[in-house]
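> Shown below is the structure under consideration.
Read the figures in this text as sums done on the coordinates, not as results from a lab. Just so you know, these numbers come straight off a predicted model, no measurement behind them. Here the Cβ is made from the backbone with ideal geometry for all residues, glycine too, and neighbour counts use every protein chain on show.
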Amino acid sequence: MKKIKSVLTTFTNTYIIFSILIMPVLILYKMEQLDKKLERSKVIVYNVDNRGGLMDSVGKVTGKQIIEGHYTITIGAYGKFLVTKEQYDSIKVGDDAPEYLKKRGS
């Protein structure tokens, strides 16, 4: 019985010391990961769901950008829309908004 108690005491003490030494390292590692995540710029991409709205009569492509490998186009006051590379290449600044962006739920 004394042998088991001695082994358990040693194990418990080792576990406590290990925890005390490792916890600050884990906390610093997680803080560093959080800092990296907060430093990245945020990309906001909007989906169209305004069938029959103002975009049916108005809407010109006012800009094109590649943001972190994502192809986006900007349409007037409506914001940025995520498109495929082929769509991005076929759209020119000043064109009317493509029909597939006017559809609800696209």
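> So which residue, out of S19, S90, S41, gets the largest mean-square fluctuation from a GNM of the chain using Cα contacts under 10 Å as springs?
Highest fluctuation of the listed residues: S19.
> Another question, if that's okay. Filter K42/K92; K60/K85; K30/K85 down to the pairs with a C-alpha to C-alpha distance above 29 Å, please. List each step's numbers first, then the result.
On the way: K42/K92 25 Å; K60/K85 19 Å; K30/K85 36 Å.
Going by Cα-Cα distance, K30/K85 fall outside the 29 Å limit.
> Right, another one. At q = 0.19, 0.21 Å⁻¹, work out log10 I(q)/I(0) for the stretch 54-102 with the Debye formula, treating every Cα as an identical point scatterer and leaving solvent out; two decimals please.
-0.52, -0.64
> Can you tell me the 0 to 90 degree angle between the C-alpha axis of helix 2-39 and the longest principal axis of the chain, rounded to 10?
Tilt relative to the chain: about 20 degrees.
> With a Förster radius of 41 Å, plug the Cβ-Cβ distance of Y29 and K5 into 1/(1 + (r/R0)^6) and report the FRET value to the nearest 0.05. Kindly include the intermediate steps, with their values, before the conclusion.
Details: r = 36 Å, r/R0 = 0.87.
Result of the calculation: an efficiency of 0.70.
> Sticking with this structure for a sec: Explain nothing, just the number: dipole magnitude of the chain about its Cα centre with +1 on each Lys and Arg Cβ and -1 on each Asp and Glu Cβ, in debye rounded to the nearest 20.
740
> Can I ask one more? Between S90 and K42, take the C-beta separation as r, use R0 = 22 Å, and let me know the FRET efficiency to the nearest 0.05. Don't skip to the end; give the middle numbers.
Working: r = 28 Å, r/R0 = 1.25.
The formula returns an efficiency of 0.20 here.
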